[in-house]
Amino acid sequence: MTRPLRIGFMPLTDAGLLFVAAAKGFDREEGLVFDLHPETSWANLRDKLAVGIYDAAHMLAPAVVASALGLDGFPARMIGAVALGLDGNAISVAPGLATSLREKIDGDPGEPRVTARALAAVVADRRAKGLPALRFAHVFPYSTHHYQLKLWMRLGGVDPEGVRLTVTPPPLMGESLRGGFVNGFCVGEPWNSLARDAGEAEVLHPCRALTPDCPEKVLAFRAEAARDQEEMPRAAARAVRRAALWGGRPENAGEFCRLIAEGLRDDVLAGGVTPAMIAAALGKDGNAAPWLRLDAEATALAAAQALWLYVLIAANGQAMASQQQAELAGQAFWPQDGAPPAPSAPAFFDGPFDRTHWRDALAALTALK
């Protein structure tokens, strides 16, 4: 006997393990039926989970940590039952800004510090000429996209008065750039590749170059529901992990990418996604390093990852820095039985994150302003 699990998701490549689990029947083998519903914004997804329209949601990992801290008026606390991958974001800019950056670059353009310094020079020139501030979009206030943009700009000493950040849902990034509403954005795949292939943007950096092995999305449940029905998130986590294990076998790579592309194409907002585009993002085409990890190890969650995200939240002035808050943050992710060890929480810029010295990491981030 199976139980339907109504899951909301955003049309992003890192929802792919949900598509694969449903297509290959891993959900049903765990006693569930993944009933998948696309959404148009993270706020919609969060609120529909909170009021019980969805049983679970493909959710931004920092938003789950923020809910554990009671930030931003979240109507219900969430927990992360399983990671849906690591990394996957990129910083992309309009062709005009890309040209301006190339004129200022001094060094390796593949190095984020180099392009950030070039951005600082562009911003300074624009301010001197009385031109409007540049505008960059990210997807949600509590998102790695937001923090990665700010970290990149801090590395180059960009004048914060010369750049404005705005929230835009992933499916509208390309349209916002095309319409001139923003000059660049940080978003997950496939939206960088779609904008690039349409000639609307140049991909500047996959965010693995800034924060490798970044906890990005999780399958979230309402904390109260997860406590009342502990087997439900455990079964969902097993199904997701099985999808990742299956997709990690070389003989399944082609079908794995095809199923993810089909899951996105079912949503009219993500038309044009191809298996080749998915393979490139996952590093399965043999041409470049992956932007996104959907392997089994990348599905594991750990308190250290939640604490790493809390430091980012606090560094951006969205939470107070206290041991009590740090301990609450660590409770946002529920490691599941049988999961592989989670990768270490990533570094912010130089050197690994040490959870026992999280205040030092916070101080170093704050000093980058």
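The values are calculated or read from the model by the stated rules, or taken from the named source; none is laboratory data. Keep in mind that what you see is a predicted model, and the values were worked out from it rather than measured. Note: ideal-geometry Cβ built from the backbone for every residue, glycine included; neighbour counts use all protein chains shown.
Scanning for something within 17 Å of residue 207 (Cβ to Cβ), among the aromatic types (Phe, Trp, Tyr) and either touching a helix residue (DSSP H, G or I) at 6+ places or on another chain (Cβ under 6 Å) or modelled with pLDDT under 85 (or both), does the range 325-335 turn up at least one residue? Walk me through it before giving the result.
Step one: of the range 325-335, the residues within 17 Å of residue 207 (Cβ to Cβ) are none.
Checked the range 325-335: no residue is within 17 Å of residue 207 (Cβ to Cβ), among the aromatic types (Phe, Trp, Tyr) and either touching a helix residue (DSSP H, G or I) at 6+ places or on another chain (Cβ under 6 Å) or modelled with pLDDT under 85 (or both).
Applying the selection to the range 345-366, what residues are in contact (Cβ under 8 Å) with a residue 24 or more places away in the chain and assigned to a loop (DSSP other than H, G, I, E, B)? Those that are in contact (Cβ under 8 Å) with a residue 24 or more places away in the chain and assigned to a loop (DSSP other than H, G, I, E, B): 345, 346, 347, 348, 349, 353. When residue 235 is tested against (1) under 26 Å from residue 170 (Cα atoms); (2) touching a strand residue (DSSP E or B) at 6+ places or on another chain (Cβ under 6 Å), only condition (1) is not met. Look at (1) touching an Asp or Glu at 6+ places or on another chain (Cβ under 9 Å); (2) under 27 Å from residue 328 (Cα atoms); (3) touching a residue at least 40 places away in the same chain (Cβ under 8 Å) and you find that residue 56 fails only one, number (1). Could you look through the range 5-48, keep only residues that are in contact with a Lys or Arg (Cβ under 6 Å, 6 or more places away or on another chain) and closer than 20 Å to residue 249 by Cβ, and pick out the one that is surrounded by the most Cβ atoms within 10 Å (Cβ to Cβ)? That would be 14. For the range 336-347, filtering for residues that are within 19 Å of the chain's Cα centre (by Cα) and over 18 Å from residue 60 (Cβ atoms) leaves 3.
The residues on offer are 237, 321, 276, and the sole one that is farther than 30 Å from residue 154 by Cα, over 20 Å from the mean Cα position of the chain (by Cα) and of a type in the set (A, V, I, L, M) is 276.
Okay, residues lined up against (1) surrounded by 24 or more Cβ atoms within 10 Å (Cβ to Cβ); (2) in contact with an Asp or Glu (Cβ under 9 Å, 6 or more places away or on another chain):
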| site | (1), (2) |
| --- | --- |
| 171 | no, yes |
| 177 | yes, yes |
| 192 | yes, no |
| 202 | no, no |
| 222 | no, yes |
| 244 | yes, yes |
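Taken together, the criteria exclude residue 337 from residues that are over 20 Å from residue 78 (Cα atoms) and among the charged types (D, E, K, R). Do you know which of the residues in the range 115-144 that are touching a residue at least 60 places away in the same chain (Cβ under 8 Å) and more than 22 Å from residue 367 (Cβ to Cβ) is surrounded by the fewest Cβ atoms within 10 Å (Cβ to Cβ)? Looking at the filtered set, the residue picked out is 141. Taking the range 168-200 as the range and being within 18 Å of residue 12 (Cα to Cα), assigned to a loop (DSSP other than H, G, I, E, B) and touching a strand residue (DSSP E or B) at 6+ places or on another chain (Cβ under 8 Å) as the test, the residues that pass are 168, 189. For the criterion of being of a type in the set (Lys, Arg) and within 20 Å of residue 60 (Cα to Cα), residue 242 fails. Look at the range 166-182: where a residue is within 16 Å of residue 202 (Cα to Cα) and a partner is exposed (fewer than 13 other Cβ atoms within 10 Å of the Cβ), sitting 6+ places away or on another chain with Cβ atoms under 7 Å, you get 174/198; 182/166. State whether one or more residues within the range 18-29 are modelled with pLDDT of 95 or more and more than 13 Å from residue 239 (Cα to Cα). No, the range 18-29 contains no residue that is modelled with pLDDT of 95 or more and more than 13 Å from residue 239 (Cα to Cα). Here the range 35-82 is the region considered, the condition is being in contact with a strand residue (DSSP E or B) (Cβ under 6 Å, 6 or more places away or on another chain) and part of a loop (DSSP other than H, G, I, E, B), and the residue that is nearest to residue 241 (Cα to Cα) is 55.
Only residues that are in contact with a helix residue (DSSP H, G or I) (Cβ under 6 Å, 6 or more places away or on another chain) and farther than 28 Å from residue 158 by Cβ were counted in the range 70-121, giving 12.
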